[in-house]
Each structure stands twice: as structure tokens, then as C-alpha cells.
Amino acid sequence: MKITIIIPVYNEEKYILKILNQVNEQKKIQELEIIVVDDNSTDRTQSILNENSDLYDFIIFKDKNEGKGSAIISGINKASGDYILIQDADLEYNPENYDDLIKPIISKKTNIVYGSRVLNKENYLTKRNFTSKFRIFGNYILTKVSN
């Protein structure tokens, strides 16, 4: 079973090497295909990617910035894995969680799994301000509506 990891990037010079190294660590555990889609970065991201081509299997450089959704679609069009995971380049999601994300799909319990940037994060659980609670409530409503 091969998993394609699509990493959409835009101006991620600060984090791109770190996330690519973390994703490559998972190759010791699973068969991964790493596709990076640069959405026309204007910082040093493209040169860093060119200098470190051993850290990914395929790269797409977009001619103009079209947004994350377009970058993901471009990656999906090149994917050859049995399953696809989207890895944000900003280190919000931990590649060590890939196994937890893919297990429910392989066991046929679900067809899709979404990660959460806030689930079980202590800083969101302990905040007492209205803005934080309103945001969490808003996210809950949006999730219910989209489901």
C-alpha cells in the first residue's frame, strides 16, 4: 500500500525543509510518495526545493498563485498512491500521525478523515475569552453544516 503525501506550499522558506525531513522520516514505516506543489512562492521556497530534490518524489511549480485548493488538485492529478494525505507545510499537522489518519480508511470504517489543528490542544481548552469560544462554536456549526 502506497500513500501519496501532497504538500501544497506558498512562501514556506522557514518551514519547508523541516516538514520535508519529518515526512521522510515516515518512509521508514510506510511506502510514501511525496509530491510538493509550490503555488508560485515569492520568497526562497522554490530555490530551497530545487536544492533539496532528494526530499520529495515529484514537484510542481505553478506559474501563478491559484490558492491551496488548486495546488491540491494539481498534486492529486500526479498522485499514484492508493491513498492521499494532504500535509500543510507550516508544521500544524504532525507526520507521525499518518498511521492514525489512514487506519480508519483501510479498515473501511470511513472514506475520509480530517485532521484538526485545535482538537485536544490545551491552549484552546484553557482560553476563557469570547473570541476563542465563538471561533470554536463557529467551527462546530460549519462542520455540522458541511457534514
Mind listing just one residue for me: the one in the range 58-115 that is among the acidic types (Asp, Glu) and in a loop (DSSP other than H, G, I, E, B) and, of those, farthest from the chain's Cα centre (by Cα)?
ASP63
Anything in the range 1-30 that is over 13 Å from the mean Cα position of the chain (by Cα) and free of Cβ contacts under 8 Å to residues at least 40 places away in the same chain? List them, or say none.
ASN11, GLU13, LYS14, LEU17, ASN21, ASN24, LYS27, LYS28
Inspect the range 49-59 for any residue being within 21 Å of TYR98 (Cβ to Cβ) and of a type in the set (Asp, Glu) and give the result as yes or no.
yes
Checking SER47 against (1) open to solvent by less than 70 Å² (accessible area, probe 1.4 Å); (2) assigned to a loop (DSSP other than H, G, I, E, B); (3) more than 22 Å from GLU92 (Cα to Cα): exactly one of these is not met. Which one?
(2)
Given (1) open to solvent by less than 70 Å² (accessible area, probe 1.4 Å); (2) modelled with pLDDT of 95 or more; (3) of a type in the set (Val, Ile, Thr), ILE3 misses just (2)
Restricted to the range 6-43 and to residues being outside any helix (DSSP H, G or I) and of a type in the set (S, T, N, Q), the residue nearest to TYR98 (Cα to Cα) is GLN30
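The values are calculated or read from the model by the stated rules, or taken from the named source; none is laboratory data. Just so we're clear, the structure is a prediction, and the values are computed from it rather than from any experiment. All Cβ positions, even for glycine, are placed from backbone atoms using ideal geometry, and neighbour counts span all protein chains on display. For the accessible areas, the whole protein counts, side chains as well, though only heavy atoms, and no ligand, DNA or RNA atoms are used. Shrake-Rupley method; radii C 1.70, N 1.55, O 1.52, S 1.80 Å.
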